[in-house]
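The values are calculated or read from the model by the stated rules, or taken from the named source; none is laboratory data. Worth saying up front: this structure is predicted, and the values here are computed from it rather than measured. Quick reminder, even Gly has a Cβ in these numbers, built from the backbone with ideal geometry, and neighbours come from all protein chains shown.
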Amino acid sequence: MSNVDLINESFFETKNIDVFQKVVDAFIQSGIYKKEDILCLKLVSEENIKAYNKKYRGKNSETDVLSFPSEFKESNFIGDIIIDVNVANQQKDTRYLKDELIVLFVHGVLHLLGFDHLRTNDKKNMQDLENQILNTLKNEGVYC
């Protein structure tokens, strides 16, 4: 069963798509994601995400990732994540694009699960969880 419904409107090659399911598998393994939950991931270009950012957050600028938790808490659908592959490619520094997308996806999934980084304690908790998932993925050879 796939926990990720993917819409790819970017240049990122679809042969790498299974990496997102492996990220969700790491979340399931950690116990903070239910194995029956699903989410939608949309990979877009910068013009699309700028429009989403303006419409939903009132910010007329690019961003790397947006998360929209589901309002239907009784369903297994936890929400939508939108990642701008062009922005990710620009900010990846020395990482591979795939690894930058993994970092952004992990961040987005945590937001869907109710984690945030607005307050200092929340930020540390979210960073610790991000590191835990990324370390799991490193140990499995999914993330460098």
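Taking into account only those residues within the range 22-57 that are among the β-branched types (Val, Ile, Thr) and within 19 Å of SER75 (Cβ to Cβ), which is surrounded by the most Cβ atoms within 10 Å (Cβ to Cβ)?
Checking each candidate, the answer is VAL24.
Only one entry in VAL65, VAL19, VAL106 is hydrophobic (A, V, I, L, M, F, W, C), modelled with pLDDT under 95, out of contact with any Pro (no Cβ under 6 Å at 6 or more places or on another chain) and surrounded by 15 or more Cβ atoms within 10 Å (Cβ to Cβ), namely VAL19. Considering (1) more than 17 Å from LEU97 (Cα to Cα); (2) part of a loop (DSSP other than H, G, I, E, B), the lone condition that PHE11 does not fulfil carries the number (1). Working only within the range 40-70, note down all residues that are touching a helix residue (DSSP H, G or I) at 6+ places or on another chain (Cβ under 8 Å), within 11 Å of ILE82 (Cβ to Cβ), part of a strand (DSSP E or B) and not small (Gly, Ala, Ser). Selection gives LEU41, LEU43, VAL44, VAL65, LEU66, PHE68.
I need the full set of residues from the range 1-16 which are at pLDDT below 85 and among the hydrophobic types (A, V, I, L, M, F, W, C), in order please. Matches in the range 1-16: MET1, PHE11, PHE12.
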